[in-house]
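Enquirer: Pasting a structure here, questions to come.
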Amino acid sequence: MAERIPLIYNPSANQIQETALTDEISVGILTAAVFSNLKVVNTQLNLLNSSYNYLMAGPVSVTGIGTITVGAGVSFVVV
């Protein structure tokens, strides 16, 4: 199973769960020693919330049924 952090509490199920791959999490100011992302996108990513900027560290390849959809007014960059 892929690592998806942070974990969230789901009060409906009374469980601690991994975040869904499609969830957006607003964490405010984030500081860390290391950030990571997958090198290969093989699922559909929808970057549609124009209140956010999105980025990935590259190189990144899109394979199989993978797509990255960038919505109107959305900023996405691979660095």
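Enquirer: On a full-extension model of 0.36 nm per residue, what is the gain between S12 and S50, subtracting their alpha-carbon distance, rounded to one decimal in nm?
Expert: My answer for the length gained is 10.8 nm.
Enquirer: Determine the gain in length on full extension of the stretch L38-T67; use 0.36 nm per residue of separation and subtract their C-alpha separation, reporting nm with one decimal.
Expert: Result: 9.1 nm gained on full extension.
Enquirer: Could the peptides 64-70, 42-48 be put in order, highest first, of the mean number of other beta-carbon atoms found within 10 Å of their residues?
Expert: Highest mean packing first, the order is 42-48, 64-70.
Quick note: the coordinates plus some simple rules give every number you see, no bench work behind them. From a predicted model like this one, the values you see are computed outputs, not experimental measurements. Every residue, glycine as well, gets a Cβ built from its backbone with ideal geometry; the counts of neighbours run over all protein chains shown.
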